[in-house]
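Step one of this worksheet: look at the structure below.
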Amino acid sequence: MNPLILIMSLLLLASNVHAQETTQMRPPSVTAQGEAVITAEPDQAQIDIGVLTQARTAPDAAKENAEKLSRVLAQIKKLLGKGDEVKTTGYSLNPNYRYPQGGKPEITGYTAANVLQIRTGNLDSVGKLIDAGMQSGANQINRLVFTLKDEHSAQVQALRMAAQKAQSKAEEMAGSVGLKVVRVLSLTENERGVRPIIAQTRGMQAEALSSAAPTPVEAGTIEVRSSVTLSAEIAPR
């Protein structure tokens, strides 16, 4: 026999034997998925408010913006508590153009925009902060989000519940055919997520500018989701 053919035959035979041994060594198993969704009360709010000014020249637009921003900051800082913070997250100064028909674009003025981000753990002060900012010179509410300071703890709780559900499903599946779960072979996390509450801000802006009454803000609840896949060895009862 050709030596090359003999070597290839031996390798193929060894491969088949290994595959059969692997199949024989793999214990019978059942696979189940578990998903859990918990709700949590938010304990933190993030408010992004903007100061937008327009003027004929860039220096005038920037100056007016800086003056309004100073007043806004002064009023907001009066309401902030321990651990709260406010910081600038965006600034821009851009020309405004007019586009005459058949002509070249013309600069008609400049727009300066500054965005402040407020983070507070006192949810009762959210409406007051919005009112203080808008009434002292801010004219945009870009974003209002309610979140958790400690997302990890909530995620761990949801993960634990998802794993318990997966194990319970595996036991039910095995029990329905007269088998039992012997041990867990693998447990894999599929996904996790925390869905913050993003509040509608258009109505808040109008109310803060037009009314002396405090702007009402309802936080709601946050959804924390987790899912896992569990594989378990099964055997006769």
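The values are calculated or read from the model by the stated rules, or taken from the named source; none is laboratory data. Since this is a predicted model, take the numbers as computed values, not measurements. Here the Cβ is made from the backbone with ideal geometry for all residues, glycine too, and neighbour counts use every protein chain on show. When the accessible area is computed, the model is the full protein with side chains, heavy atoms only, and any ligands, DNA or RNA have been set aside. Shrake-Rupley method; radii C 1.70, N 1.55, O 1.52, S 1.80 Å.
If a residue has to be farther than 14 Å from Thr120 by Cα, within 27 Å of the chain's Cα centre (by Cα) and part of a helix (DSSP H, G or I) to count, how many in segment 32-78 make the cut?
Selection size over segment 32-78: 0.
Here are some conditions: (1) over 12 Å from Val30 (Cβ atoms); (2) modelled with pLDDT of 95 or more; (3) over 25 Å from the mean Cα position of the chain (by Cα). Ala162 meets all but one. Which one does it not meet?
For Ala162, the exception is condition (3).
Looking at segment 215-237, I want the residues that are over 23 Å from Gln33 (Cβ atoms) and have a partner that is polar (S, T, N, Q) and open to solvent by 40 Å² or more (accessible area, probe 1.4 Å) with Cβ atoms under 6 Å, at least 6 apart or on another chain. Which pairs are those?
Thr221/Thr39
Report yes if Ala170 is under 23 Å from Glu223 (Cβ atoms) and modelled with pLDDT of 95 or more, otherwise no. Spell out how you get there, then give the answer.
Values: under 23 Å from Glu223 (Cβ atoms): no; modelled with pLDDT of 95 or more: yes.
The answer is no for Ala170.
So which residues in segment 146-188 are among the charged types (D, E, K, R) and in contact with a helix residue (DSSP H, G or I) (Cβ under 9 Å, 6 or more places away or on another chain)?
Lys180
Of all the residues that make up segment 159-199, how many are assigned to a helix (DSSP H, G or I) and closer than 30 Å to Gln117 by Cα?
Matching residues across segment 159-199 total 0.
From the list Gly81, Gly127, which one is within 26 Å of Gln200 (Cβ to Cβ) and in a helix (DSSP H, G or I)?
Details: Gly81 fails: in a helix (DSSP H, G or I).
So the residue among Gly81, Gly127 that is within 26 Å of Gln200 (Cβ to Cβ) and in a helix (DSSP H, G or I) is Gly127.
Could you tell me whether segment 192-200 includes any residue that is within 30 Å of Ser231 (Cα to Cα) and open to solvent by 40 Å² or more (accessible area, probe 1.4 Å)?
Checked segment 192-200: at least one residue is within 30 Å of Ser231 (Cα to Cα) and open to solvent by 40 Å² or more (accessible area, probe 1.4 Å).
Please determine whether any residue of segment 101-109 is among the hydroxyl-bearing types (Ser, Thr, Tyr) and open to solvent by 40 Å² or more (accessible area, probe 1.4 Å).
yes
Exactly one condition in (1) out of contact with any Asp or Glu (no Cβ under 9 Å at 6 or more places or on another chain); (2) at pLDDT below 95; (3) not charged (D, E, K, R) is false for Leu148; which is it?
Looking at each condition in turn, Leu148 falls short on (1).
Regarding Ser92, is this residue touching a strand residue (DSSP E or B) at 6+ places or on another chain (Cβ under 9 Å), closer than 30 Å to Val224 by Cβ and open to solvent by 20 Å² or more (accessible area, probe 1.4 Å)?
Here the answer is no, as Ser92 does not meet what is asked.
Restricting to segment 1-51, give me the number of residues that are farther than 30 Å from Gln164 by Cβ, modelled with pLDDT of 55 or more and open to solvent by less than 60 Å² (accessible area, probe 1.4 Å).
7
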